[in-house]
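The values are calculated or read from the model by the stated rules, or taken from the named source; none is laboratory data. Bear in mind the structure is a predicted one, so any value in this text is a computation, not a measurement. Quick reminder, even Gly has a Cβ in these numbers, built from the backbone with ideal geometry, and neighbours come from all protein chains shown. Each accessible area value is taken on the protein alone, full model and side chains, heavy atoms only, with ligands, DNA and RNA left out. Shrake-Rupley method; radii C 1.70, N 1.55, O 1.52, S 1.80 Å.
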Amino acid sequence: MSQLKHNFAKLGFDYSRFRFGFRTGVAACLALLIAWAMGLEHPQWSAMTVWGVSQPTRGLLLEKAGYRSLGTLIGTAVGMLIVVISGDDILMAALGLTLWVTICVYIATLLHGLIAYGAVLAGYSSSMVVLLVRTPDVLMPLGIDRMLTVMVGVLTALVIGWLFTYARAEQTLVNKIRRQAAETLRLMARAFDQGAVGELPIHDQISTLAHLETQLSDHGSGSPSAHLSAKLFRRLLNAQLGLLAQLETSQLQIDSALAELLRECAQALTDNNAESIRAALARTYAYLKTSEFTYEFNDFYNAIEARLEFRESGKTARSPTSTYALLHRDWRGAQQAAIRTFTVMTLISCGWAYTGWFQLAYLLLGASIMLTLFSGHENPAKTMYYVFLGQTAGALTAIFIQAFLWPHTDSILAMLLCLMPVILLAGFPLAHNRTAPGAMDFNLVFLLLMQPALHYHFDWTASVSIAIAVIAAPLLAMLSYKILFPTNLRSRQRHIIKALERELVEMDERELTANQIERYRARFHHRLFKLYQMADKLGVNDKLTSARYLARVQHQLNRYH
């Protein structure tokens, strides 16, 4: 096995991604057959759902399947409602869809994790109903078909994934966070040994904690217990950020006794003995009770205690309030994404109503997906380039099968069997470093265009024009991402900085209660983590910007302690 992985790596393939891609391809083929056996009209939608739902860990798989099902249910219901209200009026249907998708993208941009994915699904699932209905009398059959194909895909992905997917490797993250908590205390001990911060890697440590923070979304998936665990870890990471911020902004003096106490705490965390951890933290907190570190260390102490209680009993004596889980909401980014989506989809809708070209319905369908699913990416315009390449390859493959294989088949089953080699081989582009960015879009567009029908006759004009309309969507989205409120990592950084500036001013102008201060503090910490995550990708000057805001935030919070 190790030799196989080595050979794969030499050729530029990642064995884990190939294993995931091949397993997902098998599940997609199985879903395709089940949907056909049930007599569903669009069996390829079941295979598309498998590709959309499948995840490398069980917790993610379970939660994504749930949000996929919920989002599809809501989106299908809204899509059917739009068709009923609009009747045969193309413009009313398209604009109704545009308004709904705009609302969904606005909500999704404000949310985090898989719940945002559910909001996106609610948007473009309605597109699959509104834009593929030719006459109102087929509305109910299409809506039912949409729901059943998605459920078949979800259940198939769940069964195959649960059997062949690794359980969540949560202990790895648990150990990493515990080791970094110990490292934070050792860093503090070194600062008190020398009576100054000096050249200590405080900001490197914060960057490490920020990287761990990005993994909490995956860790907190699959069950209420996992969600609680992620909240407790977020509280612990925030507490460490507070300690390091106070260390950076305080006038330190040499304190060898405190340094030794901090090292004892760090060693107890390394040894992972609950009794030793509690005893060491209690002694250190008693020593710090009258110092400027009292508030931050008390927060750290409570976070560790809550985590120990959770480890011992699966719950805490006092459930953590939502304060500890307050996250940055990109209100400005959500507003811009909504305006962008509304503008582009309205223009396409008007063009479709004016010309009557049915191909524009497929362009509108593609745009609704591109403008919702990728709005939250760091650089969506760059992502669209890879999406375009993947979709082009998928469309060409679809046309080849439609032109040269399907006309020679005599049953729906034979047509579906023609798709399976492509689906099964999809693991290879998904696993290669160069083709991986567009591989998923290859699979999805290939399946989207493969609608089987008895007595199939290939129509060059219709097939090619539909394919062009579909692959034009990422090009149009790329243009909109560059022109309408250009979106990239730098613009997202500016949004966070503006939010920090606004709330720092608010704290100066308002009299705050203790609970309000905690809410500000939790949001500040999440935004600071975001700044450090971005700085690692943007450069040295941005790391200095992060450090400056770390100091400003801590000085502001110290006024209220």
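Can you tell me which residue in the stretch 524-546 is surrounded by the most Cβ atoms within 10 Å (Cβ to Cβ), limited to those that are among the small types (Gly, Ala, Ser) and in a helix (DSSP H, G or I)?
In the first step, residues of the stretch 524-546 are kept if they are among the small types (Gly, Ala, Ser); the result is 535, 539, 546.
Next cut, in a helix (DSSP H, G or I) only: 535, 546.
Numbers: 535: 22, 546: 26.
The qualifying residue surrounded by the most Cβ atoms within 10 Å (Cβ to Cβ) is 546.
Out of all the residues in the stretch 501-513, is one or more open to solvent by less than 10 Å² (accessible area, probe 1.4 Å), in contact with a Phe, Trp or Tyr (Cβ under 7 Å, 6 or more places away or on another chain) and touching a residue at least 24 places away in the same chain (Cβ under 8 Å)?
yes
Considering only residues that are over 19 Å from residue 361 (Cβ atoms) and of a type in the set (Phe, Trp, Tyr), which ones fall in the stretch 86-145?
106, 117
Report, ordered by the first and then the second residue, all pairs with beta carbons closer than 6 Å, sequence separation of six or more or different chains, a first member in the stretch 170-198 that is free of Cβ contacts under 8 Å to residues at least 12 places away in the same chain, and a second member that is small (Gly, Ala, Ser).
none
Condition check: open to solvent by 10 Å² or more (accessible area, probe 1.4 Å), of a type in the set (Ser, Thr, Tyr) and within 19 Å of residue 450 (Cβ to Cβ). Does residue 362 satisfy that?
On the way: open to solvent by 10 Å² or more (accessible area, probe 1.4 Å): yes; of a type in the set (Ser, Thr, Tyr): yes; within 19 Å of residue 450 (Cβ to Cβ): yes.
For residue 362, the condition - open to solvent by 10 Å² or more (accessible area, probe 1.4 Å), of a type in the set (Ser, Thr, Tyr) and within 19 Å of residue 450 (Cβ to Cβ) - is met.
Got a sec? Which of 552, 521 is open to solvent by less than 20 Å² (accessible area, probe 1.4 Å), at pLDDT below 95 and either outside any helix (DSSP H, G or I) or closer than 19 Å to residue 295 by Cα (or both)?
Sole residue among the options that is open to solvent by less than 20 Å² (accessible area, probe 1.4 Å), at pLDDT below 95 and either outside any helix (DSSP H, G or I) or closer than 19 Å to residue 295 by Cα (or both): 521.
Any idea which of 103, 82, 160 is open to solvent by 30 Å² or more (accessible area, probe 1.4 Å) and outside any loop (DSSP other than H, G, I, E, B)? Please lay out each step first, then the result.
Working: 82 fails: open to solvent by 30 Å² or more (accessible area, probe 1.4 Å); 160 fails: open to solvent by 30 Å² or more (accessible area, probe 1.4 Å).
Just one listed residue meets the conditions, 103.
Quick check on this structure: which one of 305, 296, 312 is loosely packed, with under 15 Cβ neighbours inside 10 Å, in a helix (DSSP H, G or I), touching a residue at least 24 places away in the same chain (Cβ under 8 Å) and not β-branched (Val, Ile, Thr)? So that I can check it myself, show each step before the final result.
Numbers: 305 fails: loosely packed, with under 15 Cβ neighbours inside 10 Å; 296 fails: loosely packed, with under 15 Cβ neighbours inside 10 Å.
The conditions single out 312.
Within the stretch 201-234, how many residues are assigned to a helix (DSSP H, G or I), open to solvent by less than 10 Å² (accessible area, probe 1.4 Å) and polar (S, T, N, Q)?
Residues meeting the conditions: 1.
Quick check, is residue 507 in a helix (DSSP H, G or I) and within 22 Å of residue 246 (Cα to Cα)?
On the way: in a helix (DSSP H, G or I): yes; within 22 Å of residue 246 (Cα to Cα): yes.
In short, yes.
Which residues, counting only those in the stretch 403-440, are touching a Ser or Thr at 6+ places or on another chain (Cβ under 7 Å) and open to solvent by less than 10 Å² (accessible area, probe 1.4 Å)?
415
Output the qualifying pairs, or none if there are none: Cβ atoms under 6 angstrom, residues six or more apart or on different chains, first residue in the stretch 52-79 and touching a residue at least 24 places away in the same chain (Cβ under 8 Å) and farther than 12 Å from residue 114 by Cα, second residue surrounded by fewer than 20 Cβ atoms within 10 Å (Cβ to Cβ) and of a type outside the set (A, V, I, L, M, F, W, C).
If the second residue must be surrounded by fewer than 20 Cβ atoms within 10 Å (Cβ to Cβ) and of a type outside the set (A, V, I, L, M, F, W, C), the pairs left are 76/143.
Please enumerate the residues belonging to the stretch 68-79 that are within 21 Å of the chain's Cα centre (by Cα), open to solvent by less than 40 Å² (accessible area, probe 1.4 Å) and not charged (D, E, K, R).
We begin by selecting, within the stretch 68-79, every residue within 21 Å of the chain's Cα centre (by Cα); these are 68-75.
Still in the running and open to solvent by less than 40 Å² (accessible area, probe 1.4 Å): 68-69, 71-72, 75.
Scanning the stretch 68-79 gives 69, 71, 72, 75.
Just wondering, is there one or more residues in the stretch 476-499 that are touching a residue at least 12 places away in the same chain (Cβ under 8 Å) and under 30 Å from residue 41 (Cβ atoms)?
yes
Got at least one residue in the stretch 249-269 being open to solvent by less than 40 Å² (accessible area, probe 1.4 Å), free of Cβ contacts under 8 Å to residues at least 40 places away in the same chain and within 14 Å of residue 525 (Cα to Cα)?
No, because not a single residue in the stretch 249-269 is open to solvent by less than 40 Å² (accessible area, probe 1.4 Å), free of Cβ contacts under 8 Å to residues at least 40 places away in the same chain and within 14 Å of residue 525 (Cα to Cα).
For residue 65, are the conditions met, namely being modelled with pLDDT of 95 or more, of a type in the set (Gly, Ala, Ser) and buried (at least 19 other Cβ atoms within 10 Å of the Cβ)? So that I can check it myself, show each step before the final result.
Details: modelled with pLDDT of 95 or more: no; of a type in the set (Gly, Ala, Ser): yes; buried (at least 19 other Cβ atoms within 10 Å of the Cβ): yes.
No; evaluated as a whole, the condition is false for this residue.
Report, by residue number, each residue of the stretch 35-50 that is out of contact with any Pro (no Cβ under 8 Å at 6 or more places or on another chain) and either over 15 Å from residue 423 (Cα atoms) or open to solvent by less than 10 Å² (accessible area, probe 1.4 Å) (or both).
Of all residues in the stretch 35-50, those out of contact with any Pro (no Cβ under 8 Å at 6 or more places or on another chain) come to 37-40, 42, 45-50.
The answer is 37, 38, 39, 40, 42, 45, 46, 47, 49, 50.
Out of 168, 178, 190, I need the residue that is open to solvent by 40 Å² or more (accessible area, probe 1.4 Å), over 20 Å from residue 300 (Cα atoms) and either modelled with pLDDT of 85 or more or touching a helix residue (DSSP H, G or I) at 6+ places or on another chain (Cβ under 6 Å) (or both). Which one? Full working, then the answer.
Working: 178 fails: over 20 Å from residue 300 (Cα atoms); 190 fails: over 20 Å from residue 300 (Cα atoms).
Result: 168 is the single residue among 168, 178, 190 that is open to solvent by 40 Å² or more (accessible area, probe 1.4 Å), over 20 Å from residue 300 (Cα atoms) and either modelled with pLDDT of 85 or more or touching a helix residue (DSSP H, G or I) at 6+ places or on another chain (Cβ under 6 Å) (or both).
Residues that are closer than 27 Å to residue 50 by Cβ and touching a Pro at 6+ places or on another chain (Cβ under 9 Å): does the stretch 164-186 have at least one?
yes
Of all residues in the stretch 30-47, which are part of a helix (DSSP H, G or I) and either within 14 Å of residue 452 (Cβ to Cβ) or free of Cβ contacts under 8 Å to residues at least 12 places away in the same chain (or both)? Don't jump to the end; show me each part of the working.
Filtering the stretch 30-47 for residues part of a helix (DSSP H, G or I) gives 30-37, 43-47.
Once the filter is applied, which keeps residues that are part of a helix (DSSP H, G or I) and either within 14 Å of residue 452 (Cβ to Cβ) or free of Cβ contacts under 8 Å to residues at least 12 places away in the same chain (or both), the stretch 30-47 yields 32, 33, 35, 36, 37, 43, 44, 45, 46, 47.
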